[in-house]
Structure formats: C-alpha cells, structure tokens
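Right, one structure below, let's go through it.
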C-alpha cells in the first residue's frame, strides 16, 4: 500500500490516504481513545481526501479503550459528513470485544462492519466503492 498524501497523526493514531482512495487509520499501542481524539481524527479525513467522502479502514489492534462520549460521537451524523463506510479491523480478542461492543450499542449513520483482517475489510470497502461507481 502506497500513500499518496502525507501521513498525518493524531494523539492516538497514524492516518494516511492510500492509492486506492481508502483512508487507513492505525492506532498506536495501548491507545485510549477520547472524544477529542475522535474529533481530531475525523478532522484529518477531509484534509487527506481533499474534502471528498471516502471509505475508512480502522485497525483496532492497538486500541485499549474508547470512551463512551467518543463512541457516541462516532455513531452520530458527524461521521457521515466525510465518511461513506468504515471497516473496523479487529484481529485480537480485545479489539473484537471493543468492535462488537460499539456495533451492538451504537447505530452509526453509515455502513460499518467488523473484520478479522485488513484484507477482508479492504475487499468489502472496494466492493462498496465499485457498486457506487456502477450506480452513478
């Protein structure tokens, strides 16, 4: 995966736009994600995408916790302004619990799915992108 823009960082993650047009967000080890972190990360997306709606692949492997206010914000309309869909990658037991907890309690306004690998998440996002292009 090559990046086509610079890599930007929040307090808890590294974020880049790949050649395929998908934003990749990789959290730093032992990340404890707050509302402010989420707001900062969402503000990075339009910078990288040149204000276009994009798909996002978020690797939860290193996430230790996500505070309730952050989860609520991620499930609000704030995410749909620049995000078409999100693939959550959760290869570890802890990340799967976090991902399932989020999806079970929150109802995001955009499609969000949990995957065990980045490859599965990317495949799903690419299918969504292809189906949207076909429908235009």
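Take residue 72 and decide whether it is within 19 Å of residue 101 (Cα to Cα), in contact with a helix residue (DSSP H, G or I) (Cβ under 9 Å, 6 or more places away or on another chain) and crowded, with 20+ Cβ neighbours inside 10 Å. Taking the combined requirement at face value, the residue does not satisfy it. Residues in the stretch 109-126 that are surrounded by 11 or more Cβ atoms within 10 Å (Cβ to Cβ) and assigned to a helix (DSSP H, G or I): 118, 120, 121, 122, 123, 124, 125, 126. Report whether or not residue 106 is in contact (Cβ under 8 Å) with a residue 12 or more places away in the chain, closer than 20 Å to residue 34 by Cβ and surrounded by fewer than 17 Cβ atoms within 10 Å (Cβ to Cβ). Yes. Please verify whether the stretch 11-26 includes one or more residues that are in contact with a strand residue (DSSP E or B) (Cβ under 7 Å, 6 or more places away or on another chain), modelled with pLDDT of 95 or more, within 21 Å of residue 90 (Cβ to Cβ) and surrounded by fewer than 17 Cβ atoms within 10 Å (Cβ to Cβ). Within the stretch 11-26 (the criterion being in contact with a strand residue (DSSP E or B) (Cβ under 7 Å, 6 or more places away or on another chain), modelled with pLDDT of 95 or more, within 21 Å of residue 90 (Cβ to Cβ) and surrounded by fewer than 17 Cβ atoms within 10 Å (Cβ to Cβ)), the answer is yes, since at least one residue qualifies.
The values are calculated or read from the model by the stated rules, or taken from the named source; none is laboratory data. Note that the structure is predicted; figures quoted are calculated from it, not measured. Reconstructed Cβ throughout: ideal geometry from the backbone, glycine too, with neighbour counts over all protein chains shown.
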